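The values are calculated or read from the model by the stated rules, or taken from the named source; none is laboratory data. Predicted model only: the values in this text are computed from it and were never measured. So basically every Cβ, Gly included, is an ideal-geometry build from the backbone, and we count neighbours across all protein chains shown.
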Amino acid sequence: MKKSLYMLVLMISAVIIGGLIAYEAATQDICAWLAFSKGFSLEPKEYINFSVLNITFGFTFEISVAQVICILIGILIYAKTAPKVVTG
């Protein structure tokens, strides 16, 4: 349980920090490649309409180079430090 929670915290932190780095890198010429991102989305074409309630399902996913790098660093940190989390 501790390992899973530790991994979740590392991954969420990596995505947030990577997003901040990408946001700041977008304004710089030398490191603008860190802000390059690709994504996909599932746009709803149909809506469920019950005269009182409208239900719409959609999904958007976008990830930048900086976020990928931070996620890889987070995985390396997890691999190096996870045994210490379990023992104490």
Query raised in the report: Can you pull out the residues in the stretch 48-63 that are over 30 Å from Val15 (Cβ atoms) and either in contact with a strand residue (DSSP E or B) (Cβ under 8 Å, 6 or more places away or on another chain) or not small (Gly, Ala, Ser) (or both)?
Result: Ile48, Asn49, Phe50, Val52, Leu53, Asn54
Query raised in the report: Do you know which residues across the stretch 1-35 are of a type in the set (Ser, Thr, Tyr), without any contact (Cβ under 8 Å) to a residue 60 or more places away in the chain and under 22 Å from Thr81 (Cβ atoms)?
Result: Ser4
**Report entry** Where a residue in the stretch 50-63 is of a type in the set (D, E, K, R) and its partner, wherever it lies, is at pLDDT 85 or above and surrounded by 10 or more Cβ atoms within 10 Å (Cβ to Cβ), with Cβ under 6 Å and at least six apart
**Finding:** Glu62/Ser37
Query raised in the report: Does the stretch 1-40 hold any residues that are small (Gly, Ala, Ser), surrounded by 10 or more Cβ atoms within 10 Å (Cβ to Cβ) and farther than 17 Å from Ile73 by Cβ, and which are they?
Result: Ala26, Ala32, Ala35, Ser37
Query raised in the report: Given the residues Leu53, Leu42, Leu76, which is the only one that is among the hydrophobic types (A, V, I, L, M, F, W, C) and closer than 28 Å to Tyr6 by Cα?
Result: Leu76
